[in-house]
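Report on the following structure.
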Amino acid sequence: MEGEKIIEPIIVGGFTVRVEDASSALQYQQLCGSWLGYRNLIQISTTYDKQTQAQTLVHETLHAINAVYLESREVDEATVAAMAQGWFQVIIDNPHLIKKIWSMAEAEREGNGVKDTEGVGEKD
């Protein structure tokens, strides 16, 4: 449903980013998703199949990363699309990789006395 959250908010560089359904607005623009930096919001159209939605979430997350870490430097859409598709495929083909990255980062956090990981790494 329009405006409904798709997943719990994600954190990008310390910023909370909401992920919501915006099917009507995106369909009108013929888009699968969008990044609205001024609202810290990723919009996804749920009218597409789940795989397209997941790939779109990776794509729009890369836009959010660009906004935070590269201060919205000009990155052409073809580069973002290629990187998103590449990351999506690596994530899908290698679930053990994400699990290992998570466990390595968690071990480092625990070694530094950081315990605030509530909700992080949980599956939807």
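The values are calculated or read from the model by the stated rules, or taken from the named source; none is laboratory data. What you see is a predicted model, and the numbers here were worked out from it, not measured in a lab. Here Cβ is always computed from backbone atoms with ideal geometry, including for glycine, and neighbour counts include all displayed protein chains.
Here Gln43 meets each of (1) surrounded by fewer than 17 Cβ atoms within 10 Å (Cβ to Cβ); (2) at negative phi with one exception, condition (1). If the condition is being touching a Leu at 6+ places or on another chain (Cβ under 9 Å) and exposed (fewer than 13 other Cβ atoms within 10 Å of the Cβ), then the range 81-107 contributes only Val90. Of the residues that make up the range 98-117, is at least one aliphatic (A, V, I, L, M), under 19 Å from Val19 (Cβ atoms) and either at pLDDT 95 or above or out of contact with any strand residue (DSSP E or B) (no Cβ under 9 Å at 6 or more places or on another chain) (or both)? For the range 98-117, residues aliphatic (A, V, I, L, M), under 19 Å from Val19 (Cβ atoms) and either at pLDDT 95 or above or out of contact with any strand residue (DSSP E or B) (no Cβ under 9 Å at 6 or more places or on another chain) (or both): present. Just to verify a result, which residue in the range 56-97, among those that are acidic (Asp, Glu) and in a loop (DSSP other than H, G, I, E, B), is modelled with the highest pLDDT? Only one residue tops the list, namely Asp76.
In the range 15-25, which residue that is out of contact with any Pro (no Cβ under 9 Å at 6 or more places or on another chain) and in contact (Cβ under 8 Å) with a residue 24 or more places away in the chain is surrounded by the fewest Cβ atoms within 10 Å (Cβ to Cβ)?
Checked the range 15-25; the qualifying residue surrounded by the fewest Cβ atoms within 10 Å (Cβ to Cβ) is Phe15.
Of all residues in the range 19-49, those being of a type outside the set (Ser, Thr, Tyr), in contact with a helix residue (DSSP H, G or I) (Cβ under 8 Å, 6 or more places away or on another chain) and not in a loop (DSSP other than H, G, I, E, B) number 7.
Quick one: which residue in Leu70, Leu62 is in contact with a Phe, Trp or Tyr (Cβ under 8 Å, 6 or more places away or on another chain), without any contact (Cβ under 8 Å) to a residue 40 or more places away in the chain and of a type outside the set (Asp, Glu)?
Among Leu70, Leu62, only Leu62 is in contact with a Phe, Trp or Tyr (Cβ under 8 Å, 6 or more places away or on another chain), without any contact (Cβ under 8 Å) to a residue 40 or more places away in the chain and of a type outside the set (Asp, Glu).
One residue alone among Tyr38, Tyr48, Tyr69, Tyr28 is surrounded by fewer than 19 Cβ atoms within 10 Å (Cβ to Cβ), of a type in the set (Phe, Trp, Tyr) and touching a Ser or Thr at 6+ places or on another chain (Cβ under 8 Å), and that residue is Tyr48.
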